[in-house]
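Read through the structure below, which is laid out as structure tokens, and then see the notes.
Since every read-out is calculated from the coordinates, none of them should be taken as a lab result. Keep in mind that this is a model prediction, so the values were computed, not measured. Note that each Cβ is placed from the backbone with ideal geometry, even for glycine, and that neighbours are counted across all protein chains shown.
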Amino acid sequence: MNEDHLAWHETLELHELVAFQSIGLIKLKQMYPQVSNRELQQLYGEAIQSLEQNLNELLQFFPYAPREPQERNERDPMTGFYAGDLLGLAKTTVRNYAIAITETATPQLREVFKRQLNSVIDLHARVFRFMYQRSYYPSYNLEKLLQNDVQNAYRALNL
């Protein structure tokens, strides 16, 4: 690294990747025992190993994030997990609708997509507000945001 810490923009990308992959890893580990098809179970195992490797590699960069020490805030981790999963679903759905609208030629279908896009944007805002008010997504405090990422990643790795 050229500097003694990460740049702000790459720190935020690091946050997004670790948060998304931690939730995905928890879900895969919870579903793995329920997968009965041997070949699919092997694919799940490979995905789990890949995500674990990704998180272990990415976590090494958190000490280089620009931040100031803050106090710890203990909360129910499953509420944060469920809310984060819902937020990720809403965010991905917004992106998918935005792409779909650009591919739509039929005006009636485009109007339905726009209405549904606005609805999921509103859902995203409500879920974000729920998480923010309870410190599950302290988006205006980088230290707390990164601390949440590290806790969630270790929780996922230790399942």
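Listed values, structure above:
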quantity	calculated
Stretchable slack from Glu16 to Ser50, in nm (0.36 nm times residue separation minus alpha-carbon distance)	10.5 nm
Ile121-Tyr82 FRET efficiency (beta carbon distance; Förster radius 30 Å; 0.05 resolution)	0.90
Other-chain or far-sequence residues with amide H under 5 Å of Ala65's (modelled H)	Leu6
At least 20 Å along the helix axis (C-alpha) and Kyte average at least 0.0, DSSP helices within the chain	8-31, 77-102
Positive-pole candidate from Phe20, Tyr32, His124, dipole of the chain, charges at beta carbon	His124
Relative contact order (%) - criterion: Cα under 8 Å, at least six apart; region: the chain	36
Given charges at beta-carbon only (K, R positive; D, E negative), |dipole| of region 73-140 in Debye	160
Among Ala98, Pro138, Pro66 - extreme Cα towards positive end, dipole of the chain, charges at beta-carbon	Ala98
Which labelled figure in (1) 29, 23, 16; (2) 27, 19, 14; (3) 37, 17, 14 is semi-axes √(5λ) of the Cα gyration tensor in Å, once derived from the coordinates	(1)
Residues His5, His15, sorted so that the one with the fewest Cβ neighbours within 10 Å comes first	His5, His15
Peptides 119-126, 140-147 ordered by average Cβ neighbours within 10 Å, highest first	140-147, 119-126
Cβ charges +1 (Lys, Arg) and -1 (Asp, Glu), total dipole of the chain, debye	780
Förster radius 41 Å - calculated FRET efficiency between Asp4 and Ala105, Cβ distance, rounded to 0.05	0.20
